[in-house]
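The structure under discussion appears below in the form of structure tokens.
The values are calculated or read from the model by the stated rules, or taken from the named source; none is laboratory data. Note that this is a predicted model, so its numbers are computed, not measured. All Cβ positions, glycine included, derive from the backbone under ideal geometry; neighbour counts span all protein chains shown.
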């Protein structure tokens, strides 16, 4: 399985090596998986679609403050607005509501303290 390899500064993520499309990591609110594509939701409201799975980016981003909370979601913990423990839902700064899976809830609680 291929994973994302960083060959530049760690403050940007390369979305397309051919066209040299980069986005700053601190602009990424969350990543959503949809089949074999990843949708990047950015803080300015834009969305970027990349032809890689979430697993491709997961190992690299986990060291930079990101957490996988669901089979289809990786979130940036800096953009969490509210956490509803009884319902296992997160509300992000942009208003999106993200479910937390039962299996990943324990790791999420440990990480955010």
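Figures for the structure shown
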quantity	calculated
Matching residues, the range 62-76, being in contact with a strand residue (DSSP E or B) (Cβ under 8 Å, 6 or more places away or on another chain) and at pLDDT below 95	62, 65
Tally of residues being in a loop (DSSP other than H, G, I, E, B), closer than 14 Å to residue 13 by Cβ and within 12 Å of the chain's Cα centre (by Cα) across the range 44-57	0
The range 1-29, subset in contact with a helix residue (DSSP H, G or I) (Cβ under 7 Å, 6 or more places away or on another chain) and not in a loop (DSSP other than H, G, I, E, B), residue modelled with the highest pLDDT	29
Per-region count, the range 62-103, residues surrounded by fewer than 14 Cβ atoms within 10 Å (Cβ to Cβ) and on the phi > 0 side of the Ramachandran plot	1
Residues of the range 26-43 satisfying the condition of being under 10 Å from residue 76 (Cβ atoms) and in contact (Cβ under 8 Å) with a residue 40 or more places away in the chain	26, 28, 29, 30, 31, 41, 43
Residues of the range 44-61 classified as surrounded by fewer than 16 Cβ atoms within 10 Å (Cβ to Cβ), within 16 Å of residue 76 (Cβ to Cβ) and in contact (Cβ under 8 Å) with a residue 40 or more places away in the chain, total	2
Selection status of residue 98, farther than 30 Å from residue 17 by Cβ and either out of contact with any helix residue (DSSP H, G or I) (no Cβ under 9 Å at 6 or more places or on another chain) or without any contact (Cβ under 8 Å) to a residue 60 or more places away in the chain (or both)	no
Which numbered condition residue 20 misses (of (1) surrounded by fewer than 16 Cβ atoms within 10 Å (Cβ to Cβ); (2) at negative phi; (3) touching a strand residue (DSSP E or B) at 6+ places or on another chain (Cβ under 9 Å))	(2)
So residue 32, is it surrounded by fewer than 17 Cβ atoms within 10 Å (Cβ to Cβ), touching a helix residue (DSSP H, G or I) at 6+ places or on another chain (Cβ under 9 Å), modelled with pLDDT of 95 or more and closer than 23 Å to residue 111 by Cα	no
